[in-house]
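This report concerns only the one structure given below.
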């Protein structure tokens, strides 16, 4: 129900009428459907997401990060969009023009499309009074006005942590260690994921060493390297050089590097593997001493030392120069968390699950507002994708979802007694409800089953007379029906139905609920 | 940071450029400010809200309610708004027109302004497959496009629970009992709040008995009764009759009841007090036997019996016919949760805190979609208001908010050692961080103090050489500085600074953290 007391009065008469459903009988009835690209999430999915967020938030707070929640909207200029575009003000974001304020002009606002832009605005707005460096984490929905496609939503929950105001590589290391700890706290088995680390400065150094100067050529190199997984070194070699013709005969223009420069880039991307120190040694050879490259190497060395101090070994956080995703965006270190498990797609083919989150160092976001570069680093993951990763790793957080004990109603005149039964169970910490429909016994059992109820409590005339209750073990029924269990011994221990004294109701229900294998 | 792996690719080039803060040096800098009517919430407030929601969600699940999260948007027709209004499409809601779909027409969507309309849409959309009755709870932001005023926000968090598909009064009783349990679980001391219950059918019956038939006159009666608190029975008597002139001489037209009808209405509103059965007996006298009034009385009697079964006494849930708030909206029972404490306003005047939530029975919301009346009942509260109520009741959920232990950095070459210290503390469940700025000792202490850190860990050259750590008790410093504590004995027990062996770091920090009075 609406929060009447606090703001109900603020509803316009139209809206109030709408709330009452005040349509005349012959008004057309709207179709009940959620907007394109938006989904309703039911209890199972929400339970998994909430467990993830609670576990991760606890870890992030252990690391000294404080929670922050900004509003859904930002002014369009704060987001950096050039609004309004008369024809399509919503390109990429959900934007609308606010009603005119006292200055007479309605400003364009847009729903946040990530949690970084609001952080930048917040940090710039409160910089003087914030403790610095400012560590914050945030989670919540973000909105992107994309064309809806299967599996791609226009609203989803992201969880970010960022340190603003520290240029120290130790800040990167802390974020990486915290990301690892957060993923494991959420339920990922240790060793099933690794954070791969690269640094944009290394690649810039490499470019300098290879004689690449134009931004366009750098971008072409990055894009070529990003195809390493798919095309292998030979395919990428073409893309780094003159270009590549694919199997269908289509030609992709190359980055135009010389053969030796291309080899250097390939050697760079293949410098990963083994201990972090080993990778650094190999990289030093390939990059060949540009100032920026050396800076990147020094940063990675400091990250390595800090990770060692934090007890984060290479099996959890590795240097991997083949990571280029996000290199265009970040200004220093880049992190990508990857699930190492092989999983299967819908067709049963083996696929790498791949990335479950990412981040890096970005030093010029707050500068949009303040004009001053402010060093920052962060890590972000999508909660739904992490839930999918956990499921792929055999940790289905929603697997134990069960409904309440259902107290059936067999005698309409004894409702207060049924309510009391439910109350007793709740007082003992057992979720319970009285069936509140009007159907008979069989539909009530069906209802209890659809609720994934563990136990149905049955009290009819006989039970009331005898001071007993009948308990039906619904878990057992479901197990047997699904063929999962045919263990005769277990079945013998758990008869499908028991009659117990009313005074032993709570203890008996608890026994059934807790006996679930 | 943005959730690169999952959807980064979907950012438009403009948006991607904006994320990088890619503005030229001479581009105008936007002002960093949150949009009008939207607030940033920091850790303290969020901690209180999250505790409330976690406690309430746990109670609601014990009652068999399942979580549901619908998207932020609904189609405008589903919300019941008549959009677009060419001049002001946003009246009351934040609305925008979606890009054209395959049918060629972009549909109007609006951010939800409560959690009831999305529930109605969801229930109508999924009615065939839902277990019925369908119990769900939900919490999350809602948005209202009102003119921002001090203390009134355009985005706030609401928490609702509703049962859809049961006309039983026991469903109302369950919601009431659950609301009480939820408020107490959130921290309200037992007895500090009461749910007041009324029923629209009683008032309708009273109107019939008093000869009132027109909707306009009914509304005037409701509005008059709603002023009982402020004007007292004598003022309301005028408003029920011919009208009332206030102290400034302004005249308010009355409802036009006869004197005897007005007395009957006043007697009705004053029938509260004492046991629920006593109130029912008094009401039966006043209402005088209209069919609808009798129906209302029977519903309240069933609610009373069910509440008794659930062990909810009159000190927690009382019948109070003076409650009229929401009577226009609801179709049967109406609930209002009220904090009984006297509190003081900004000027130190005693004020009743008043309502902290409300709800009732509404039977025609889903009908907008399906054409079939679907009985429903619910309760809603605003999380920020409940947090304020808790604070007024002496339960400041954020009072124990403390920051992490801060490990100071005195030797730049020992960063990995400092990181290891923080890691040890975290592994022991103690929130900790290494100072990652570049300032000296004194600003670092100031930083730790601003973080509300309980302990600063100081390890300089002497400590490294001696294998010790110095721990500074910052809670003590704050207590002394604030003058809250000048207990010499306590102070003697807690010296401001101790030096302990490095091996006793965790135990010693824990001792200080847990010693907080």
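The values are calculated or read from the model by the stated rules, or taken from the named source; none is laboratory data. Quick caveat, the model's predicted, so the values are computed rather than measured. Heads up, the Cβs are rebuilt from the backbone with ideal geometry, glycines too, and the neighbour counts pull from every protein chain shown.
Looking across the stretch B:70-82 at every residue that is at the interface with chain A (Cβ under 7 Å from one of its Cβ atoms) and outside any loop (DSSP other than H, G, I, E, B), the one that is modelled with the lowest pLDDT is identified as B:79. Of the helices (runs of 4 or more DSSP H) entirely within the stretch B:102-210, those holding at least 2 residues that are at the interface with chain A (Cβ under 8 Å from one of its Cβ atoms) and within 30 Å of residue B:40 (Cα to Cα) occupy B:116-126. Among the residues of the stretch B:446-465, those that are touching a helix residue (DSSP H, G or I) at 6+ places or on another chain (Cβ under 9 Å) and in a helix (DSSP H, G or I) comprise B:448, B:449, B:463, B:464.
Per-residue answers, yes or no, for (1) outside the structural domain of residue B:116 (by TED's automatic domain parsing); (2) at pLDDT below 95; (3) under 29 Å from residue B:398 (Cα atoms):
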residue: B:20; (1), (2), (3): yes, yes, no
residue: B:23; (1), (2), (3): yes, yes, no
residue: B:29; (1), (2), (3): yes, yes, no
residue: B:47; (1), (2), (3): no, yes, yes
residue: B:53; (1), (2), (3): no, no, yes
residue: B:61; (1), (2), (3): no, no, yes
residue: B:65; (1), (2), (3): no, no, yes
residue: B:68; (1), (2), (3): no, no, yes
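Taking the stretch A:212-274 and the helices (runs of 4 or more DSSP H) fully enclosed by it, the elements with 1 or more residues that are surrounded by fewer than 17 Cβ atoms within 10 Å (Cβ to Cβ) and touching a strand residue (DSSP E or B) at 6+ places or on another chain (Cβ under 8 Å) are at A:228-240. Is one or more of the residues making up the stretch A:350-358 under 19 Å from residue A:174 (Cβ atoms), at the interface with chain B (Cβ under 7 Å from one of its Cβ atoms) and crowded, with 20+ Cβ neighbours inside 10 Å? Among the residues of the stretch A:350-358, at least one is under 19 Å from residue A:174 (Cβ atoms), at the interface with chain B (Cβ under 7 Å from one of its Cβ atoms) and crowded, with 20+ Cβ neighbours inside 10 Å, which makes the answer yes. Pairs linking a residue in the stretch A:302-322 that is over 23 Å from residue A:339 (Cβ atoms) to a residue that is assigned to a loop (DSSP other than H, G, I, E, B), with Cβ atoms under 8 Å and 6 or more positions apart or on different chains, are A:302/A:168.
What are the residues in the stretch A:359-376 that are under 17 Å from residue A:158 (Cβ atoms) and either at the interface with chain B (Cβ under 8 Å from one of its Cβ atoms) or surrounded by fewer than 24 Cβ atoms within 10 Å (Cβ to Cβ) (or both), if any? Within the stretch A:359-376, A:359, A:360, A:362, A:365 meet the criteria. Residue count for the stretch A:340-365, restricted to those that are farther than 26 Å from residue A:296 by Cα and in contact with a strand residue (DSSP E or B) (Cβ under 8 Å, 6 or more places away or on another chain): 10. Residue A:400 falls short on exactly one of the conditions (1) surrounded by fewer than 14 Cβ atoms within 10 Å (Cβ to Cβ); (2) over 30 Å from residue A:355 (Cβ atoms), and that condition is (2). Among the residues of the stretch B:412-435, the one identified as closer than 17 Å to residue A:167 by Cα and part of a loop (DSSP other than H, G, I, E, B) is B:435. Screening residue B:406 with (1) within 33 Å of the chain's Cα centre (by Cα); (2) part of a strand (DSSP E or B) gives one miss only, at (1). Scanning the stretch A:466-475 for residues that are at pLDDT 95 or above and part of a helix (DSSP H, G or I) returns a single hit, A:466. Of the residues examined, residue A:333 is one that is more than 19 Å from the chain's Cα centre (by Cα) and modelled with pLDDT of 90 or more. If you go through the stretch A:295-311 and keep only what is more than 17 Å from residue A:361 (Cα to Cα) and more than 7 Å from chain B (Cβ to nearest Cβ), you end up with nothing.
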